[in-house]
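All remarks here apply to the structure that follows.
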Amino acid sequence: MTTIQGAIAEDLNAYESVTWFTSAYLIATGSITPLAGRLCQIFRPQSYVLVSAFILAVGQLVTGTARNLEVYLVGRVIMGVGAAANFPVALIVILDLTSTKRRGLAMGLLNSCFTVGIAFGGLVCVSLAFSAIRF
């Protein structure tokens, strides 16, 4: 988010509200994650992942088409609600599919993948955007 927030703030004319771009998402994700973990116990994780992916896609659609700050922040909150299932579902799948001997390794790999995604996601996005501009 930090790599592109300047352009988004310029597009929405919302320089003073830049901190809310990330905060709206993180507050929603942090609030819903415990509920997401419980819902994964009630419903099959495969079903819950499908629903959460749909909610995340709706949030991305709202965010991508926003023309003012309020709609953009609502989209970020919807995205946070949809993304809240990522970590609990991944942990449940790891616990179901790995033996007790390999769980630590699997959880370490999961956290590594999340970290690599966060570290390189913005760089990949910016490089793809610049390569699309050249063509």
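The values are calculated or read from the model by the stated rules, or taken from the named source; none is laboratory data. Since the structure is predicted, the reported quantities are computational estimates derived from the model, not experimental observations. Here the Cβ is made from the backbone with ideal geometry for all residues, glycine too, and neighbour counts use every protein chain on show.
Annotation: of all residues in region 57-103 being among the hydroxyl-bearing types (Ser, Thr, Tyr) and in a helix (DSSP H, G or I), the one that is nearest to Pro45 (Cα to Cα) is Thr63. Quick one: is Phe114 under 29 Å from Asn13 (Cα atoms), surrounded by fewer than 16 Cβ atoms within 10 Å (Cβ to Cβ) and either in contact with a strand residue (DSSP E or B) (Cβ under 8 Å, 6 or more places away or on another chain) or not assigned by TED's automatic domain parsing to the domain that holds Thr22 (or both)? No: the conditions fail for Phe114.
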